[in-house]
Amino acid sequence: MTYTGEVTPGGTPDTRELQHLIITKVAVDPQMSNNAYVLRCRATDEQVLIDAAAEPETIARILGDGRTTKVITTHQHWDHHRALADVVSSTGAVTVAGEPDADAITEQTEVTVDDRVEHGDLIEFGDVRLEVIRITGHTPGSICLLYDDPDGTPHLFTGDSLFPGGVGNTFGDGDAFVSLINDVEERIFKRLPDETWFYPGHGNDSQLGVERPQLAEWRERGW
């Protein structure tokens with residue numbers, strides 16, 4: 001089956017198999033339709049979860065009996081970590097989040113953030129490395145996670161900082177929007193090639209080359 005990234009809450013997860021990494025995408029919560037991603041190292045079977053958004057029982061089925069060592073939260077908004085406490089309790093995984101959002105995540109979930117990451121840090125599991133790309137604007141400490149496949153194209157997990165058709169919501173804060181669009185342009189589009197596939201916190205995936213022609217339009221419209 002060809003991976004499409006088109007998933008719906010209550011529906012079937014979608015899985016992409018790369019040479020060194022297996023990516024499983026699942027949507028949870030019919031109201032918010034959050035995406036959660038399980039990344040499994042082929043060499044060691046060690047796996048991480050990106051955004052324990054909701055429905056811990058659904059996430060548990062995707063994790064299966066695998067050795068889940070880390071849960072990464074892309075940002076502090078409530079809809080991205082409602083299952084965090086349950087997942088950490090059942091797996092014993094280390095929690096990871098961007099430094100500026102870590103305290104808010106703990107306040108909302110009562111789960112301590114063990115690893116407070118900064119721009120450029122590496123998150124390793126098995127033979128896989130994810131590079132942290134800090135994107136300030138949607139929240140102060142939002143992070144994207146780059147898997148630069150040594151045998152293929154880059155893969156980028158963007159949380160709510162980048163979607164097909166635009167950047168994340170900055171809730172009418174003009175300064176936050178400027179920060180967000182600047183970081184997205186400088187740290188993502190100017191660095192990574194068109195074939196980079198990105199996986200957002202809600203909805204369908206896309207590639208940077210599809211979105212790149214719209215950057216000026218996004219900046220002009222202000223959202």
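Details
- Restricting the stretch 117-130 to residues that are out of contact with any Cys (no Cβ under 7 Å at 6 or more places or on another chain) and under 23 Å from residue 63 (Cα atoms), the residue that is surrounded by the fewest Cβ atoms within 10 Å (Cβ to Cβ): 122
- Subset of the stretch 75-114 [of a type in the set (Val, Ile, Thr) and more than 20 Å from residue 13 (Cα to Cα)]: 88, 91, 94, 95, 96, 105, 106, 109, 111, 112, 113
- Residues satisfying the stated conditions in the stretch 65-99, i.e. part of a loop (DSSP other than H, G, I, E, B) and either at pLDDT below 95 or among the charged types (D, E, K, R) (or both): 65, 66, 82
- In the stretch 43-65, the residues that are on the phi > 0 side of the Ramachandran plot reach residues that are of a type in the set (A, V, I, L, M, F, W, C) and in a helix (DSSP H, G or I) with C-beta atoms within less than 9 angstrom, at least six apart or across chains, in these pairs: 51/84.
- Members of the stretch 1-46 found to be within 14 Å of residue 204 (Cβ to Cβ), of a type in the set (Lys, Arg) and in contact with a Gly (Cβ under 7 Å, 6 or more places away or on another chain), listed by number: 25
- Residue selected from the stretch 192-223 under the condition closer than 24 Å to residue 3 by Cβ and among the charged types (D, E, K, R), by the criterion nearest to the chain's Cα centre (by Cα): 205
- Across the stretch 7-20, a minimum of one residue is classified as exposed (fewer than 15 other Cβ atoms within 10 Å of the Cβ) and either at pLDDT below 95 or among the charged types (D, E, K, R) (or both).
- Residue in the stretch 131-139 that is out of contact with any helix residue (DSSP H, G or I) (no Cβ under 6 Å at 6 or more places or on another chain), closer than 26 Å to residue 26 by Cα, buried (at least 16 other Cβ atoms within 10 Å of the Cβ) and among the basic types (Lys, Arg) present: yes
- The condition of being farther than 16 Å from residue 130 by Cα and buried (at least 24 other Cβ atoms within 10 Å of the Cβ) holds for only one of 83, 102, 93, that being 83.
- Set side by side, the residues 177, 157, 198 differ, and just one is in contact (Cβ under 8 Å) with a residue 24 or more places away in the chain and touching a helix residue (DSSP H, G or I) at 6+ places or on another chain (Cβ under 8 Å), which is 198.
- Test: residue in the stretch 71-81 that is without any contact (Cβ under 8 Å) to a residue 40 or more places away in the chain and either farther than 21 Å from residue 138 by Cα or small (Gly, Ala, Ser) (or both): no
- Every condition in (1) surrounded by 21 or more Cβ atoms within 10 Å (Cβ to Cβ); (2) over 20 Å from residue 156 (Cβ atoms); (3) touching a His at 6+ places or on another chain (Cβ under 8 Å) is met by residue 23 except one, and the failing one is (2).
The values are calculated or read from the model by the stated rules, or taken from the named source; none is laboratory data. All values derive from a computational prediction rather than experimental measurement. Here Cβ is always computed from backbone atoms with ideal geometry, including for glycine, and neighbour counts include all displayed protein chains.
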